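The values are calculated or read from the model by the stated rules, or taken from the named source; none is laboratory data. Remember, it's a predicted structure, so these values are computed and weren't measured experimentally. Note that each Cβ is placed from the backbone with ideal geometry, even for glycine, and that neighbours are counted across all protein chains shown.
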Amino acid sequence: MKGTNELSFVVGGFAGQGVNTVGYALARICSRAGLHVFINLEYPSNIKGEHNYAQVMVSEKPIGSHVNSVDLLLALDARSVVLHKDKIKPGGALIYDREGVEVSPVDAGLKVGDIERSDIIVIDMPMAQIAKDAGGSKKMVNSVGLGAVMGSLRFDFELLADMLRQSLEKLDDKVVAANLEGARQAYDIAREKYAEQVGIVLEKCDGPDRMLVTGNQAVALGAIKAGVRFYSAYPMSPSTGVMVYLTKQARDRGIVTIQPEDEISAAGMSIGASFAGVRAMTGTSGGGFCLMSEYFGLAGITEIPLVIFVAQRPGPATGLPTRTEQGDLKFVLSAHQGDFARIVVAPGDVSEAFYLTFDAFNLADKYQTPVILLSDKHLAEATWTQEPLETANMKIDRGDLLRTEELAGMSDYKRYQVTDSGISPRALPGAPGGVFKATGNEHTESGLVSEDADNRASQMDKRQRKTSTLDVSDIGARLHGNPEAKITLVGWGSTKPVILDVITQLKEAHKIDCSFLQVIYMEPFPVDHVSRVLNKAGRTLLIENNATGQLGQLIRQQTGILIKDQILKYNGRQFMRDELADLIGQRLREA
């Protein structure tokens, strides 16, 4: 197995061993060396002891997905050897410490035994002893292991040394020196004894500076660019990363972040902050959004702008708290009793997460209604290299927000005035001349509670008209690839990167030409665009991470078009590139 700058790397261990630290460290090194990187994390919903692993994909070309096979496995514990050794490609390599391999307390008695694979390179690296000899403890094994990885790949050691110095700069100098020495010893052993056998080389290449960013970080950056000033959330995987990032930036950016006692309070606080006039946001997952649904309706009837970030995970109930799924689409489209205009957008990658978050704040203010930003665990917590984002033309739009002089010229301000557009002039509390009442009951144009039938119909019609002026014909969906392709793949959200990778793979390896219809706006739905593409398509395949094809149901509801051929995955894991390519190939052969 030979190659340069193409790698599928997995590091595994039990929670607490620094698995993610190793994965992110290698990713940062590769990114700084001009390479493209994708990181997928898998971890159970426990505190410590169970198996975790990180997969790092490296390429000179843009890459957005992972594969089932492994070129190089770094096993920090016994279970990682047992679980992942059979996924190593022939000619690939396993790095582990035969004598000093740790066993998690939950795996007491687990034995690795002989590695019964003659087609891989087994690198028995005494990581525990190296850590001890370098003056460190067993906690340093991850640095030693990373040194072995770098040496096996003949990657420049100074890239690792610079990264370690930077990441450990807050620690004692002796600790930093011990980590560097341990990593150096393992690097030299691996470089001298095993690198030629491994055959994979990583080296610097020309490339622009790129960010290494998760979907959650992209959402937080988009919120900052949009001028968010208040974020309240109760921690719920996988949405918590947004709150963590905004909290770190809060002092410098003038943002208030609050962790209240539950999701109900989080939604109420964000509504209150938005009502007062600042841009506000809350975030959660499906179970938390269940609790928020009553406040969601309050924002709808009081016409208070609100951005809600919902990062899906498998349900129902607690489901799989740390895994991924696209099972909440129908829920967010119909949450809360009664009808009111809402906007639901689903980004497919980190750049869309950034731009659509910014747009969500403008849409919420312009249409005075809640906007849901729908993500999932995979997009929220996976990491991609991202080209610098273009921000020069991004303008904040607060909508029909009345200035003091405008209010002064009104003799009778009506907050819920019936208008042709359905959007009423908005005043902030305390503005002279802008006194009004806001209530969860049906109300008149002035906000007074009313059960009058004609008024009810008038206010309902007004609220429903709001998004009728939002034209999503060009932005609501996007067709990727050859528009004349005979095969059209249909998907949404985090399936975008893997579908795009598969399209490239199918064309290069099998001369199969596919296009990809990505639906971005779920409400309002881009009926004309989707209908036009699907009516022209030769064969369509629906690809979703849920059990019932929820986007397919929505498409049929909105357009009358039924996509019968569906590839659905709902085991809590995202599609892998080779897996999806095989499934598509199988369906095409069956036709």
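Remarks
- Residue in the range 257-269 that is outside any loop (DSSP other than H, G, I, E, B), modelled with pLDDT of 95 or more, surrounded by fewer than 24 Cβ atoms within 10 Å (Cβ to Cβ) and in contact with a Lys or Arg (Cβ under 7 Å, 6 or more places away or on another chain) present: no
A quick yes/no check of all residues on (1) buried (at least 24 other Cβ atoms within 10 Å of the Cβ); (2) more than 26 Å from Asn46 (Cβ to Cβ):
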{"position": "Glu60", "(1), (2)": "no, yes"}
{"position": "Val82", "(1), (2)": "no, no"}
{"position": "Pro105", "(1), (2)": "no, no"}
{"position": "Gly109", "(1), (2)": "no, no"}
{"position": "Glu116", "(1), (2)": "no, yes"}
{"position": "Val122", "(1), (2)": "no, yes"}
{"position": "Lys138", "(1), (2)": "no, no"}
{"position": "Leu153", "(1), (2)": "yes, yes"}
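- Scanning the range 464-517 for residues that are closer than 15 Å to Phe575 by Cα and not assigned by TED's automatic domain parsing to the domain that holds Gly549 turns up nothing.
- Inter-residue pairs, beta-carbon under 9 Å, first closer than 21 Å to Lys87 by Cβ and in the same structural domain as Val56 (by TED's automatic domain parsing) and in the range 567-591, second part of a loop (DSSP other than H, G, I, E, B) and among the small types (Gly, Ala, Ser), 6+ apart: none
- Residue in the range 455-462 that is touching a Gly at 6+ places or on another chain (Cβ under 7 Å), surrounded by fewer than 21 Cβ atoms within 10 Å (Cβ to Cβ) and of a type outside the set (Asp, Glu) present: no
- For the range 205-214, the count of residues that are within 30 Å of Tyr355 (Cβ to Cβ), surrounded by 14 or more Cβ atoms within 10 Å (Cβ to Cβ), among the charged types (D, E, K, R) and within 27 Å of the chain's Cα centre (by Cα) is nonzero.
- Every listed requirement among (1) closer than 25 Å to Met269 by Cβ; (2) buried (at least 24 other Cβ atoms within 10 Å of the Cβ) is met by Thr324 save one, (1).
- Residue within the range 542-551 that is surrounded by fewer than 16 Cβ atoms within 10 Å (Cβ to Cβ) and not assigned by TED's automatic domain parsing to the domain that holds Ser45 present: yes
- Candidates Gly109, Gly64: the one that is of a type in the set (Gly, Ala, Ser) and at pLDDT 95 or above is Gly64.
- Some residue of the range 410-417 being of a type in the set (A, V, I, L, M, F, W, C) and surrounded by 14 or more Cβ atoms within 10 Å (Cβ to Cβ): no
- Taken over the range 427-470, the criterion of being closer than 21 Å to Ser274 by Cβ and hydrophobic (A, V, I, L, M, F, W, C) is satisfied by Ala427, Leu428, Ala431, Val435, Phe436, Ala438, Leu470.
- Within the range 178-223, being assigned to a loop (DSSP other than H, G, I, E, B), over 29 Å from Val242 (Cα atoms) and of a type in the set (Asp, Glu) holds for Glu203, Asp206.
- Taking (1) at pLDDT 95 or above; (2) exposed (fewer than 15 other Cβ atoms within 10 Å of the Cβ) in turn, Asp339 satisfies each apart from (1).
- Of all residues in the range 320-349, those that are part of a loop (DSSP other than H, G, I, E, B) and either in contact (Cβ under 8 Å) with a residue 60 or more places away in the chain or in contact with an Asp or Glu (Cβ under 6 Å, 6 or more places away or on another chain) (or both) total 16.
- Flag if Gly18 is surrounded by fewer than 16 Cβ atoms within 10 Å (Cβ to Cβ), closer than 23 Å to Ser237 by Cα and not assigned by TED's automatic domain parsing to the domain that holds Leu580: no
- Residue that is modelled with the highest pLDDT, among those in the range 448-470 that are among the hydroxyl-bearing types (Ser, Thr, Tyr) and part of a helix (DSSP H, G or I): Ser458
- Of the candidates Gly91, Gly113, Gly100, Gly109, the single residue that is over 27 Å from the mean Cα position of the chain (by Cα) and closer than 24 Å to His36 by Cα is Gly91.
- Filtering the range 76-129 to residues that are without any contact (Cβ under 8 Å) to a residue 60 or more places away in the chain and of a type in the set (Gly, Ala, Ser) leaves Ala78, Gly100, Ala108, Gly109, Gly113, Ser118, Ala128.
- Test result for Lys395, under 37 Å from the mean Cα position of the chain (by Cα), among the charged types (D, E, K, R) and not assigned by TED's automatic domain parsing to the domain that holds Met281: yes
- Inter-residue pairs, beta-carbon under 7 Å, first more than 19 Å from Gly552 (Cβ to Cβ) and in the range 502-519, second of a type in the set (Asp, Glu) and surrounded by 14 or more Cβ atoms within 10 Å (Cβ to Cβ), 6+ apart: Lys507/Asp513
- Of the strands (runs of 3 or more DSSP E) contained entirely in the range 471-553, those carrying at least 2 residues that are of a type outside the set (S, T, N, Q), over 22 Å from the mean Cα position of the chain (by Cα) and at pLDDT 95 or above fall at 539-544.
- Those residues of the range 130-153 which are within 18 Å of Leu94 (Cβ to Cβ), over 30 Å from the mean Cα position of the chain (by Cα) and not small (Gly, Ala, Ser), in sequence order: Ile130, Val144
- Selection count where residues are under 17 Å from the mean Cα position of the chain (by Cα) and within 28 Å of Ser458 (Cα to Cα), scope the range 367-392: 1
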